[in-house]
Amino acid sequence: MGRTYIVEETVGQYLSNINLQGKAFVSGLLIGQCSSQKDYVILATRTPPKEEQSENLKHPKAKLDNLDEEWAAEHAYQVSRMLPGGLLVLGVFIITTLEIANDFQNALRRLMFAVGKSINRKRLWNFTEEEVSERVTLHICASTKKIFCRSYDIHDPKSSARPADWKYQNGLSSSWLSLECTVHINIHIPLSATSVSYSLEKNTKNGLTRWAKQIENGVYLINGQVKDEDCDLLEGQKKSSRGNTQATGHSFDVRVLTQLLLNSDHRSTATVQICSGSVNLKGAVKCRAYIHNSKPKVKEAVQAVKRDIMNTVADRCEILFEDLLLNEIPEKKDSEKEFHILPRRVFVPLPGSTVMLCDYKFDDESAEEIRDHFMEMLDHTIQIEDVEIAEEINTVCVSSSVNSQASLDNTDDEQPKQPIKTTILLKIQQNIGVIAAFTVAVLAAGISFHYFSD
């Protein structure tokens with residue numbers, strides 16, 4: 001028996017309202033959450049057409065060979081950045097005319113694997129062996145309204161299609177559980193002089209990969225308690241008059257404890273490394289994850305939080321590098337320091353759901369631009385007043401230095417003096433000789449003092 005996909009009714013309405021408008025087909029993404037028993041689809045979004053494709057796709061006789069897998073895969077990658085912990089791209093859909101309805105299977109298969117490869121190419125974490133690796137493909141014939149639902153194992157390139165059940169349910173994610181945490185980080189990444197050919201982005205990614213292992217191995221307190229990973233997340237919660245377990249406000253507070261020292265049975269050695277510079281990520285990040293309310297396990301909830309922590313740090317660094325590249329920021333002179341504001345995280349509610357989607361906003365971007373980005377990427381209209389900026393901002397500091405070496409011990413004095421309103425900053429210092437580049441990024445908003453007092 002194949003997988004069962006429980007689908008929010010609004011997804012079905014969205015798919016049925018898509019008009020081909022003379023095109024041979026329309027494709028898009030299915031977004032939701034996996035669980036051991038069944039999967040949940042809470043959102044669908046069509047892939048925006050390329051401008052140059054607009055004319056080509058207006059001919060009904062066009063074949064599915066015209067499906068741009070690279071464009072669809074890049075769209076999936078951009079959308080994956082807008083998903084909080086617990087949500088992922090579960091699959092793809094395609095709506096076709098009757099004339100090419102029989103040609104869809106190979107095209108969908110290619111599209112599914114292209115999307116899967118794109119989404120996972122830069123992640124700091126790997127799927128576990130026990131995780132569900134099947135992803136769904138949905139074909140809808142625009143003329144007959146028939147639905148064909150199949151799944152593929154994305155870890156097996158030779159995987160064949162398996163039949164899957166597609167079932168609608170009203171209010172699917174209206175009572176999903178949320179998990180929120182603020183994670184304070186201080187990541188030091190040396191830039192080896194022997195790898196000068198590596199870009200700053202690649203060196204940063206390598207350093208974040210080492211940090212990600214600490215996040216993976218951390219201890220996670222849920223509402224101040226350490227819970228066995230195989231326990232039900234809702235265990236111990238109050239029951240309603242109908243006997244159903246309910247979480248207060250459907251929200252859990254999560255705190256992360258990372259290991260400072262290795263265990264005594266681990267051998268530690270010091271390494272002297274000649275460096276051309278260093279990267280320091282310091283501050284706090286706001287993280288959120290969402291989990292279904294059908295007897296979720298602690299393990300599922302903790303995993304969703306872990307991945308949101310890793311994703312939001314990595315995504316924001318990458319978005320900054322992309323912005324610097326697109327705007328061709330000129331290289332500063334030797335001994336000069338520069339602060340760049342990294343994008344702040346914003347959250348937007350999904351109508352009829354407790355789930356909130358996210359995006360990243362630079363200081364010079366308006367709320368209207370965020371609204372337009374949601375429309376472009378998720379085909380979803382949002383209200384500007386619903387945009388929640390999770391992190392506050394400071395003034396960007398640009399300064400110069402006459403020192404020929406950079407010390408992490410001095411960075412605190414050079415940061416803005418308002419810890420309550422710290423933001424994500426990237427500080428670049430270029431010096432002659434030992435230090436060629438010194439980068440400090442202060443990651444975001446609202447240092448939580450009660451975390452330490454507890």
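The values are calculated or read from the model by the stated rules, or taken from the named source; none is laboratory data. Everything numeric in this text was worked out from a predicted model, so none of it was measured. FYI the Cβ positions are ideal-geometry reconstructions off the backbone, even for glycines, and counts take in every protein chain you see. Only protein heavy atoms, including side chains, enter the accessible area calculation; ligands, DNA and RNA are left aside. Shrake-Rupley method; radii C 1.70, N 1.55, O 1.52, S 1.80 Å.
Among the numbered conditions (1) modelled with pLDDT of 85 or more; (2) part of a loop (DSSP other than H, G, I, E, B), tell me where V183 comes up short.
(2)
May I ask you to list the residues in segment 74-113 that are small (G, A, S) and modelled with pLDDT of 95 or more?
A76, S80, G85, G86, G91
With respect to L324, determine if the residue is at pLDDT below 80, out of contact with any Phe, Trp or Tyr (no Cβ under 6 Å at 6 or more places or on another chain) and open to solvent by less than 30 Å² (accessible area, probe 1.4 Å).
Numbers: at pLDDT below 80: yes; out of contact with any Phe, Trp or Tyr (no Cβ under 6 Å at 6 or more places or on another chain): yes; open to solvent by less than 30 Å² (accessible area, probe 1.4 Å): no.
No: the conditions fail for L324.
Going through segment 105-120 one residue at a time, which ones are closer than 14 Å to R162 by Cα and either in contact with a helix residue (DSSP H, G or I) (Cβ under 8 Å, 6 or more places away or on another chain) or not hydrophobic (A, V, I, L, M, F, W, C) (or both)?
Keep residues of segment 105-120 that are closer than 14 Å to R162 by Cα, which gives 105-106, 108-109, 112.
If the condition is that a residue be closer than 14 Å to R162 by Cα and either in contact with a helix residue (DSSP H, G or I) (Cβ under 8 Å, 6 or more places away or on another chain) or not hydrophobic (A, V, I, L, M, F, W, C) (or both), then Q105, N106, R109 are the ones that fit.
Filter segment 365-385 for residues that are open to solvent by 70 Å² or more (accessible area, probe 1.4 Å) and in a helix (DSSP H, G or I); which is nearest to A73 (Cα to Cα)? Even if it seems obvious, please write down each step before you answer.
Initial filter on segment 365-385 (open to solvent by 70 Å² or more (accessible area, probe 1.4 Å)): 368-369, 371-372, 375-376, 381, 383, 385.
Pick out the ones that are also in a helix (DSSP H, G or I) and you get 368-369, 371-372, 375-376, 385.
Numbers: E368: 26, E369: 23, R371: 22, D372: 20, M375: 18, E376: 15, E385: 31 Å.
Per the stated criteria, the residue is E376.
How about segment 159-170: which of its residues are open to solvent by 60 Å² or more (accessible area, probe 1.4 Å), within 27 Å of the chain's Cα centre (by Cα) and of a type in the set (S, T, N, Q)?
Those that are open to solvent by 60 Å² or more (accessible area, probe 1.4 Å), within 27 Å of the chain's Cα centre (by Cα) and of a type in the set (S, T, N, Q): Q169, N170.
Go through segment 1-33 and report how many residues are closer than 18 Å to V132 by Cβ and either among the charged types (D, E, K, R) or open to solvent by 30 Å² or more (accessible area, probe 1.4 Å) (or both). Walk me through it before giving the result.
Initial filter on segment 1-33 (closer than 18 Å to V132 by Cβ): 1-7, 29-33.
Of the ones still in play, those that are also either among the charged types (D, E, K, R) or open to solvent by 30 Å² or more (accessible area, probe 1.4 Å) (or both) are 1, 3.
Counting residues in segment 1-33 that are closer than 18 Å to V132 by Cβ and either among the charged types (D, E, K, R) or open to solvent by 30 Å² or more (accessible area, probe 1.4 Å) (or both) gives 2.
Looking only at segment 283-303, which residues are open to solvent by 10 Å² or more (accessible area, probe 1.4 Å) and within 16 Å of the chain's Cα centre (by Cα)? Outline the logic, then answer.
Quick first cut of segment 283-303, residues open to solvent by 10 Å² or more (accessible area, probe 1.4 Å) only: 283, 286, 288, 293-295, 297, 299-300, 302-303.
Once the filter is applied, which keeps residues that are open to solvent by 10 Å² or more (accessible area, probe 1.4 Å) and within 16 Å of the chain's Cα centre (by Cα), segment 283-303 yields K286, R288, V302, Q303.
N126: surrounded by fewer than 21 Cβ atoms within 10 Å (Cβ to Cβ), within 20 Å of the chain's Cα centre (by Cα) and within 28 Å of K361 (Cβ to Cβ), yes or no?
no
Inside segment 147-158, can you point out the residues that are at pLDDT 90 or above and either surrounded by 14 or more Cβ atoms within 10 Å (Cβ to Cβ) or of a type in the set (K, R) (or both)? Steps first, answer last, please.
Pass one, segment 147-158, residues at pLDDT 90 or above: 147-156.
Listed by number, the residues that qualify are F148, C149, R150, S151, Y152, D153, I154.
Taking only pairs six or more apart or across chains, which ones have beta-carbon atoms under 8 Å, a first residue in segment 42-60 that is modelled with pLDDT under 60, and a second residue that is open to solvent by less than 60 Å² (accessible area, probe 1.4 Å) and not in a loop (DSSP other than H, G, I, E, B)?
Listed by first residue and then by second, the contacts come to L57/F25.
Do you know which residues across segment 232-260 are open to solvent by 90 Å² or more (accessible area, probe 1.4 Å) and at pLDDT 75 or above?
E235, Q259, listed by residue number.
What tally of residues in segment 164-180 results from selecting those that are part of a strand (DSSP E or B) and touching a Lys or Arg at 6+ places or on another chain (Cβ under 6 Å)? If you could, list the steps in order and put the result at the bottom.
So in segment 164-180, the residues part of a strand (DSSP E or B) come out as 165-169, 177-180.
Adding the requirement that they be touching a Lys or Arg at 6+ places or on another chain (Cβ under 6 Å) leaves 180.
Of the residues in segment 164-180, 1 are part of a strand (DSSP E or B) and touching a Lys or Arg at 6+ places or on another chain (Cβ under 6 Å).
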